[in-house]
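The values are calculated or read from the model by the stated rules, or taken from the named source; none is laboratory data. Predicted, not measured: the structure shown is a model, and the values here were computed from it. Using ideal geometry, Cβ is built from the backbone for each residue, glycine included, and neighbour counts are taken over all protein chains shown. With ligands, DNA and RNA removed, areas are computed over all heavy atoms of the protein, side chains included. Shrake-Rupley method; radii C 1.70, N 1.55, O 1.52, S 1.80 Å.
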Amino acid sequence: MKKKFSYLPLLCGVALLIASCQKKTDQPFEPAEQSSTRKNNSGKKENQKIYVSTLDELYAAVNNTDNEGARLILAPGTYVLNTSYPKGGRLELQTDMSLQGQPGAIDAVLIDMSALSVASFVIPEGRTGGIRMGKGTNSLEWLSLKGGVVSANPFSVVNTDLVSTETTVNFSHVFVDMNGSNLGINIRNRLAEHANRKIYSELTDCEITGGVNFNGGALALQNANGASGSLIDVTMRNNYIHGNKMGLFLFSTTGVSSIENCTIKVSSYSDRLEGNGVGMDPSAGVNQSAVTTANNNVTTIDLYGTSIKGNNPPGMPQLTPVNGALPGAAYLACAYNSVNNISGFNRASNNTMTVKFHGCDISDNNGTDIHGYAAWCPPAAVLAGSNNLLNIHLYGPSANAIVSATASSPAEPAGTNVINVFRY
């Protein structure tokens, strides 16, 4: 007799398989496990994903030197950084490491630095940020960040001062509440250890606000203190920078060492620098010592369709710049010398800054929109420097901006400091 075939076991197996698949698909967050990896010729891991859901797991993953090249994916929640962890509780990214929150939900993951102490923001070389980047290619994506409290004297929320010769640091869909921080995202070549270093960066769809303490600079780009020959090249798209003393703050500056032959380049596309004390405060060469010089530095800024309006809002003294910059859309000082006695004479020279506003909305800035100086020493005591050149180009609607242009303050009889304003 032919044996009868039963479909019941098969149907039960299919049902179990479907239930199992449904259970896995319904999970809101993938479990903590590492994806498959491979190694390149140098032995470094690539395409590694590490899922973390607790503060312990975050610190363990960030501080593990085996995790170079890894993408750390954070589960939804708040991660309050703690001084009891290594490196004073800072997050210092390994080479080619990135931190990612939940795509599509910028507020799902918050990294909170408000419990960090003064010591957390201090390293042997000086002050730093709660998150440090700058080795290989590092990135932050889909994250909210809250800076330290005023009493901790936090230098920045993010800093790119890890030692390397060239680095790419990218930020995409990142919200920064500066809280008590001096600076928000600080892209910098810090000391002579960064001489000739190149930093490339992209900021896309980010928001930075709350910079009302200390200098209150939301996005700062700086070559400083002997980092001569260095480069910072930043591309910005669709960012919203508002409610800070200074929106975009950039310069090549001395401190204890001279700064020479540095370059800063900024390309801005459809950004919004709005509702700050001053929308942008760039310089090419800044001297801050009687024994140093800031010479032969170049800054180039191109803005395309960027909105620089509503800055210097009335009735908000907390947004007034504290570094001598006048409020408004932009304070452009090609060469700046803060040493206003005879020892500071002629110490910022041969610097060039070119700023081009392409179809930008520069309006409602409560007075003069753009203040421009080829050379500036406040108060007007000694000549800041010589042979400095500031070119301001205003295209299309940008040409409606109200501009105050000063070649040199104090005045320079030789006339080597030059400012040009072009309207198209």
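Compared with the dominant principal axis of the Cα atoms in the chain, helix 8-25 is inclined by about 20°.
Beta bridges per DSSP, both residues in the chain: antiparallel share near 5 percent.
Tell me which of Val382, Asn350, Ser252 sits at the most positive position along the dipole axis of the chain, charges placed on C-beta atoms (Lys, Arg +1; Asp, Glu -1). Sorting the options by dipole projection puts first Ser252. State the percentage of accessible surface on the range 61-113 attributable to carbon and sulfur atoms; use a 1.4 Å probe and exclude ligands, DNA and RNA. Here carbon and sulfur together make up 45 percent of the probe-accessible area. Just to be sure I understand the curve: with the Debye formula and one point per C-alpha of the range 182-244, what is log10 I(q)/I(0) at q = 0.12, 0.17, 0.22 Å⁻¹? Ignoring solvent entirely, the Cα scatterers give -0.34, -0.63, -0.89.
Summing Cβ point charges (Lys, Arg +1; Asp, Glu -1) relative to the Cα centre of the chain gives a dipole of roughly 1100 debye. The fraction of accessible area contributed by carbon and sulfur in the range 233-342 is 52 percent, rounded to a whole number (1.4 Å probe; ligands and nucleic acids excluded). Between Thr78 and Thr137, residue separation times 0.36 nm minus the direct Cα-Cα distance comes to 18.7 nm. Note: the chain, Cα convex hull, 178 Å³ per residue. Cα gyration tensor of the range 217-345, axes a ≥ b ≥ c as square roots of the eigenvalues: rounded (a/c below 1.5), prolate (a/b > b/c) or oblate? Oblate, since a/c reaches 1.5 and b/c is not below a/b.
Among the trypsin sites (Lys or Arg not before Pro) in the range 42-99, none is located in a DSSP loop while being surrounded by at most 10 other Cβ atoms within 10 Å of its own Cβ. If you wrap the tightest convex hull around every Cα atom of the range 117-274 and split its volume per residue, you get 89 Å³. Across the range 89-202, C-alpha contacts under 8 Å between residues 6 or more apart give a mean separation that, scaled by the residue count, equals a relative contact order of 27 percent. Its relative contact order, with pairs defined as Cα atoms under 8 Å and 6+ residues apart, puts the range 107-159 at 52 percent.
For a 32 Å ceiling on Cα separation, which of these pairs sit above it: Lys146/Lys265; Lys49/Lys309; Lys87/Lys309; Lys87/Lys245; Lys198/Lys245; Lys87/Lys356? The pairs that break the limit, which is 32 Å between Cα atoms, are Lys49/Lys309; Lys87/Lys309; Lys87/Lys356.
So, for the chain, what is the accessible surface per residue at a probe of 1.4 Å, expressed in square angstrom?
Computed with neighbouring chains in place, this is 40 Å² per residue.
Gyration tensor analysis over the Cα atoms of the range 36-193 returns equivalent ellipsoid semi-axes of 23, 19, 14 Å (largest first, whole Å). Charged side chains reduced to their Cβ positions (Lys and Arg at +1, Asp and Glu at -1) give the range 45-106 a dipole of some 140 debye around its Cα centre. Summing charges over all other residues whose Cβ lies under 14 Å from the Cβ of Cys262, with Lys and Arg as +1 and Asp and Glu as -1, gives +3. The three principal axes of the Cα atoms in the range 270-384 give end-to-end lengths of 40, 30, 16 Å, sorted in falling order.
Per DSSP H run of at least 4 residues, take -39500 (n - 2.57); add these up for the chain, divide by its residues and hand me the 222 nm value, nearest 500 deg cm²/dmol. Could the numbers behind the result be given before it?
Working: 2 runs with 27 residues, N = 424.
-2000 deg cm²/dmol, from helical runs alone.
Defining a contact as two alpha carbons under 8 Å apart and six or more residues distant in sequence, what relative contact order in percent does the chain show?
Working: 1368 pairs, mean separation 33.4, N = 424.
Result for the chain is 8 percent.
Once you reduce the range 181-202 and the range 343-416 to the center of their Cα atoms, the two points are 24 Å from each other.
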